[in-house]
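Reading through the structure tokens given below for one structure.
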Amino acid sequence: MSRPARVGDPVLLISPDRKTRLVYLEEGKQVQTHHGVIPHDALLGAPLGRVVHTHKGIPYLALEPSTADLLQYLKRRTQIVFPKDAAYIVMRLNLYAGRRVIEAGTGSGGLTLAFARAVYPDGHVYTYEARPEHQALARKNLATLDVNACITWHVRDIQEGFEERDVDAVFLDVRTPWEYLAQVRDALTMGGHFGALVPTTNQVAQVVDALYKMGFVMVTVEELLLRAYKPVPERLRPEDRMVAHTGYLIFARWVGEEGTPWSGPHLRPVAARKAAERS
Ligand SMILES: C[S@@+](CC[C@H](N)C(=O)[O-])C[C@H]1O[C@@H](n2cnc3c(N)ncnc32)[C@H](O)[C@@H]1O
């Protein structure tokens with residue numbers, strides 16, 4: 001971002017001992033650090049990507065946060081989607097500028113942010129959340145970001161259905177996605193993308209079964225493992241610990257037809273014969 005930083009912009013501040021924090025700029029405010037104070041006014045009005053000094057003269061890096069940074073620093077009442085999953089979901093739902101996407105539940109707004117940044121400036125995210133206190137926090141989390149203009153916030157249990165029609169994609173991050181596939185189907189355009197994230201294989205099986213029963217096609221189940229490395233050139237090796245499990249990702253497409261031959265498990269000929277012999 002080469003434009004000057006303005007009120008409401010998020011800034012990533014990194015101390016010389018590599019501690020990071022995220023602040024949202026406000027006129028007249030100060031950041032209190034263990035090395036002294038940085039006035040927000042010292043950050044406003046000039047592009048980020050530079051060094052600023054505390055009142056004690058200690059240098060801090062002031063950077064524009066990436067979307068992954070913003071996700072990690074979101075205030076949360078719920079589990080939020082991890083950046084590795086969010087990025088892949090954006091690609092699998094084929095989201096880009098101008099697309100229209102529904103998501104539920106809003107939670108803390110993590111995926112809402114990732115989607116809004118993908119479809120900005122002329123696409124739209126319609127986000128549904130049953131619990132008003134969750135959505136209130138998500139709205140606050142994203143309030144000052146440019147992308148806020150392309151988000152519509154609904155406080156509603158999705159059991160009651162979605163207001164929008166002919167959307168390009170629907171993503172569900174709720175406990176029982178299989179219960180809402182009729183509502184998803186009503187909202188999706190022909191050929192539209194469906195996705196869901198669930199933490200257990202039991203839930204995966206229920207979602208996949210329901211997708212086949214309703215005639216969704218191109219059903220896939222995937223999981224992403226991300227391994228970080230210690231960036232030390234002479235001793236380059238993985239970090240000792242990793243987040244081993246976040247969630248399973250299920251994707252499918254809707255072509256407007258129950259009982260289509262493209263739906264259901266696709267077994268290779270030998271596996272299909274064995275399955276037929278067993279039944
Ligand atoms: C795991 S959180 C979603 C996190 C979100 N994707 C994020 O990245 O911040 C699940 C949310 O779904 C909401 N939820 C669960 N069932 C729902 C339903 N039937 N309708 C609307 N929201 C629902 C919950 O209240 C909760 O806030």
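The values are calculated or read from the model by the stated rules, or taken from the named source; none is laboratory data. All values derive from a computational prediction rather than experimental measurement. Methodologically, a virtual Cβ is constructed for each residue, glycine included, from the backbone with ideal geometry; neighbour enumeration extends over all protein chains shown.
Quick notes on this one:
Residue-by-condition table, conditions (1) surrounded by 10 or more Cβ atoms within 10 Å (Cβ to Cβ); (2) of a type in the set (D, E, K, R):
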position	(1), (2)
Leu226	yes, no
Arg235	no, yes
Thr246	yes, no
Leu249	yes, no
Gly256	yes, no
Gly259	no, no
Ser263	yes, no
Arg268	no, yes
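- Of all residues in segment 89-98 being touching a His at 6+ places or on another chain (Cβ under 8 Å) and in a loop (DSSP other than H, G, I, E, B), the one that is nearest to the ligand (Cβ to nearest atom): Leu93
- Tally of residues being in contact with a strand residue (DSSP E or B) (Cβ under 9 Å, 6 or more places away or on another chain) and exposed (fewer than 15 other Cβ atoms within 10 Å of the Cβ) across segment 3-19: 4
- For segment 182-198, filtered to residues that are under 19 Å from the mean Cα position of the chain (by Cα) and without any contact (Cβ under 8 Å) to a residue 60 or more places away in the chain, the residue that is surrounded by the most Cβ atoms within 10 Å (Cβ to Cβ) is Ala196.
- Pairing residues of segment 99-117 that are outside the structural domain of Ala87 (by TED's automatic domain parsing) with residues that are within 7 Å of the ligand (Cβ to nearest atom), at Cβ distances under 7 Å and at least 6 apart in sequence or on separate chains, gives no pairs at all.
- From Leu236, Leu249, Leu226, residue being farther than 30 Å from Phe171 by Cβ, modelled with pLDDT of 95 or more and of a type in the set (A, V, I, L, M): Leu236
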